[in-house]
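A short worksheet on the structure shown next.
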Amino acid sequence: MEKLAPAQTGLKGTIKVPGDKSISHRSVMFAAVARGKTMVENFLPGADCLSTIHCFQQMGVPIERDGTRVVIDGKGWDGLAEPETVLDTGNSGTTTRLMLGLLAGRPFHSVIAGDESIAKRPMQRVTKPLCEMGAHIDGRRGGNFTPLSIRGGALQGIEYRLPVASAQVKSALLLAGLQADGTTIVYEPQPTRDHTERMIRAFGGEVRTEGRTISVRGGTVFHGTEIVVPGDISSAAFFMAAASLVPGSEIVLPDVGLNPTRAGIIDVLKQMGADMEVVETHAPSDGEQTGTLVIRPAALQGVEIGGGLIPRLIDEIPIIALLATQAEGRTVIKDAAELKVKETNRIDTVVRELKKLGAHIEATADGMIIEGPCRLSGGTVESHGDHRIGMMLAVASLVAKDAVCLKGAEAIAVSYPQFFDDLKSVL
């Protein structure tokens, strides 16, 4: 348990947030099936991404890590060996779902399992289309829950319309399609983060994107390369919120990823009236846009968030809910039912924990309604093993009247191992 005191002065300083979790996962996956060495800089050494590394090591891929630098010696798709034991994906939904797509095309048997949280997260949205492509996947409740057994190989490309906007499902199907006969075409209901498409191109592959239609052909050969992972905007969001809420603050966040499919939090903060600048942007021709963010306090206004904006900020909704408790007026978050199948049911968990601190917040079927501003009280709250809930509650403590005791603070290490050190550095 962490006992967190309210901020006594403004938060000032520069914080280099850790590498992007989504990109760190994908850099290892593509490097493992590429030919030749790949060097990844600014890799996120959080528990989730380390699970991805361990899975590929179990399949015989040489991987060396020195802090945030990772070197992967890929031997191509056929260089993966049948694992001798269960592939443990830990708490990582990204590892679990993307690995299903990758393993569906490999001509051997494998079993994937994670922790108790992963065992509750639906997998049929991935396993169903993969079985349509020719993979043999079985698991609890008809292949909807881990542990999952995969016997892959001999896939055929398909056309598939995603029933929900999910970058994880899209990415799993693209990874399978890259190994299948023919072309695989995925239709998205809303645009989702495109890190997988960018990674395919970075490793020398081809992917076609036309609006919300993405297609790949089988037989792709990847080649080792160098990847520099930008700072994770989902991690930066917590300090963006903290600087916006605590009077007298100014926080600088350099080298943050500004991929348009991920930067919805910036749009929302601007709508709410935040005092934020994006400076020193860098946009490589084939890679991820980055920039430096400077954030200061501002009087915030309630907003309505929904529709196509939701996939661009799905991981930031917990911290947006906190911002809304301090904003003038009503904030409505809708079209976010996907939050129910994250590490926790994030709709119910956010509402329950913020209510403990006195917030005026109610859950709806697909989101929440928050009335602000509301001076938060102190109290005991819990992360429920969800890293983003934990960080949101830690930021809430900065604007509470009394100390906040956070149970399960260790969950934050999943995506931000040095979070509390960085927080103390600006207090």
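Would you confirm whether any residue within region 206-220 is in a loop (DSSP other than H, G, I, E, B) and charged (D, E, K, R)? Scanning region 206-220 turns up at least one residue that is in a loop (DSSP other than H, G, I, E, B) and charged (D, E, K, R).
Within region 152-179, residues that are aromatic (Phe, Trp, Tyr) sit with their Cβ atoms under 8 Å from residues that are in a helix (DSSP H, G or I), at 6+ positions apart or across chains, in these pairs: Tyr160/Pro129; Tyr160/Glu132; Tyr160/Leu173. Among residues that are among the hydrophobic types (A, V, I, L, M, F, W, C), modelled with pLDDT under 95, outside any strand (DSSP E or B) and in contact with a helix residue (DSSP H, G or I) (Cβ under 9 Å, 6 or more places away or on another chain), Ala176 is not included. I'd like to know if region 402-417 contains one or more residues that are acidic (Asp, Glu), touching a strand residue (DSSP E or B) at 6+ places or on another chain (Cβ under 9 Å) and over 18 Å from Asn91 (Cβ atoms). Scanning region 402-417, I find at least one residue that is acidic (Asp, Glu), touching a strand residue (DSSP E or B) at 6+ places or on another chain (Cβ under 9 Å) and over 18 Å from Asn91 (Cβ atoms), so the answer is yes. Could you tell me whether any residue of region 363-374 is under 17 Å from Phe238 (Cβ atoms) and open to solvent by 10 Å² or more (accessible area, probe 1.4 Å)? No; the residues of region 363-374 include none that is under 17 Å from Phe238 (Cβ atoms) and open to solvent by 10 Å² or more (accessible area, probe 1.4 Å). Restricted to strands (runs of 3 or more DSSP E) entirely inside region 30-100, those with at least 3 residues that are in contact with a Gly (Cβ under 8 Å, 6 or more places away or on another chain) and open to solvent by 20 Å² or more (accessible area, probe 1.4 Å) are 35-41.
In region 303-335, of all residues being among the small types (Gly, Ala, Ser) and surrounded by 22 or more Cβ atoms within 10 Å (Cβ to Cβ), the one that is farthest from Val126 (Cα to Cα) corresponds to Ala327. Annotation: of all residues in region 352-364 being in contact with a helix residue (DSSP H, G or I) (Cβ under 8 Å, 6 or more places away or on another chain) and outside any strand (DSSP E or B), the one that is nearest to Asp402 (Cα to Cα) is Leu357.
I'm checking my understanding of the structure. Among residues of region 189-205 that are in a loop (DSSP other than H, G, I, E, B) and more than 18 Å from the chain's Cα centre (by Cα), which one is nearest to Ala34 (Cα to Cα)? Only one residue tops the list, namely Phe203.
Just to be sure I understand, how many residues within region 221-274 are in a strand (DSSP E or B) and either among the acidic types (Asp, Glu) or without any contact (Cβ under 8 Å) to a residue 24 or more places away in the chain (or both)?
3
Does region 119-129 hold any residues that are in contact with a Leu (Cβ under 9 Å, 6 or more places away or on another chain) and open to solvent by 10 Å² or more (accessible area, probe 1.4 Å), and which are they? Matches in region 119-129: Arg125 only.
Assigned to a helix (DSSP H, G or I), modelled with pLDDT of 95 or more and of a type outside the set (Gly, Ala, Ser): is that true of Leu393 in this structure?
yes
Residue selection: Val278 satisfies the criterion of being part of a strand (DSSP E or B) and farther than 15 Å from Pro373 by Cβ. Residues in region 130-150 include none that are open to solvent by 20 Å² or more (accessible area, probe 1.4 Å) and within 23 Å of Val228 (Cα to Cα).
Of the residues making up region 36-72, those that are among the aliphatic types (A, V, I, L, M) and within 20 Å of Tyr416 (Cβ to Cβ) number 6. Sort out which residues of region 308-347 are not hydrophobic (A, V, I, L, M, F, W, C) and not in a helix (DSSP H, G or I), and write them in order of number. Gln326, Glu328, Gly329, Arg330, Thr331, Lys334, Asp335, Lys342, Glu343, Thr344, Asn345, listed by residue number.
The values are calculated or read from the model by the stated rules, or taken from the named source; none is laboratory data. Because the structure is predicted, anything quoted here is derived from the model rather than measured. Note that we place each Cβ from the backbone using ideal geometry, even for glycine, and neighbour counts take in every protein chain shown. These accessible areas exclude ligands, DNA and RNA; they are computed on the full protein's heavy atoms, side chains included. Shrake-Rupley method; radii C 1.70, N 1.55, O 1.52, S 1.80 Å.
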